[in-house]
Amino acid sequence: MTVDPYKMRDDSVEYPFLEVNTFEKVGQSQNEYDAWVQTGAVDLKSYGGDTKAIGAPFDIHFIGKKTYGSFNPTTKKFTPTTDSTNLEQT
């Protein structure tokens, strides 16, 4: 996955990333969506920008296993699904 533009604030390399499938509601809830979390390593491609911030496009290389669950955009809470935590979907 490539991201550009991006404004850097620190120099961390690994971050947790959340992907939410807004087309896939979970169960009876009207405000819970299928989602997963996975750690990604940021691979910076270049530096540049102006005096306000450094622009730094980068790729994300996902590492480790995904944790599947649901996400509620109102509460901004991710809830892991106990039977699928850290399992790769086929």
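The values are calculated or read from the model by the stated rules, or taken from the named source; none is laboratory data. Everything numeric here is computed off the predicted structure, so don't read it as measured data. Quick reminder, even Gly has a Cβ in these numbers, built from the backbone with ideal geometry, and neighbours come from all protein chains shown.
Residues of segment 22-44 being closer than 15 Å to Asp11 by Cβ, surrounded by 13 or more Cβ atoms within 10 Å (Cβ to Cβ) and not small (Gly, Ala, Ser), which ones?
Val42, Leu44
State all residues of segment 65-90 that are at pLDDT below 90, under 26 Å from Val13 (Cβ atoms) and of a type outside the set (S, T, N, Q); if no residue qualifies, say none.
If the condition is that a residue be at pLDDT below 90, under 26 Å from Val13 (Cβ atoms) and of a type outside the set (S, T, N, Q), then Leu87, Glu88 are the ones that fit.
Condition test on Thr51, is it in a loop (DSSP other than H, G, I, E, B) and either at negative phi or crowded, with 16+ Cβ neighbours inside 10 Å (or both)?
Taking the combined requirement at face value, the residue satisfies it.
Condition check: surrounded by 12 or more Cβ atoms within 10 Å (Cβ to Cβ), of a type outside the set (D, E, K, R), modelled with pLDDT of 90 or more and assigned to a strand (DSSP E or B). Does Phe62 satisfy that?
Yes: the conditions hold for Phe62.
So the check is Cβ under 7 Å with 6+ separation or different chains; which pairs have a first residue in segment 40-54 that's free of Cβ contacts under 8 Å to residues at least 60 places away in the same chain and a second one that's among the hydroxyl-bearing types (Ser, Thr, Tyr)?
From segment 40-54, the pairs are Gly40/Tyr15; Val42/Tyr15; Ile54/Tyr47.
From Tyr47, Tyr6, Tyr33, which residue is at pLDDT 90 or above and out of contact with any His (no Cβ under 7 Å at 6 or more places or on another chain)?
Tyr33
When segment 25-39 is examined, which residues are found to be in contact (Cβ under 8 Å) with a residue 24 or more places away in the chain and part of a strand (DSSP E or B)?
Tyr33, Asp34, Ala35, Trp36, Val37, Gln38, Thr39
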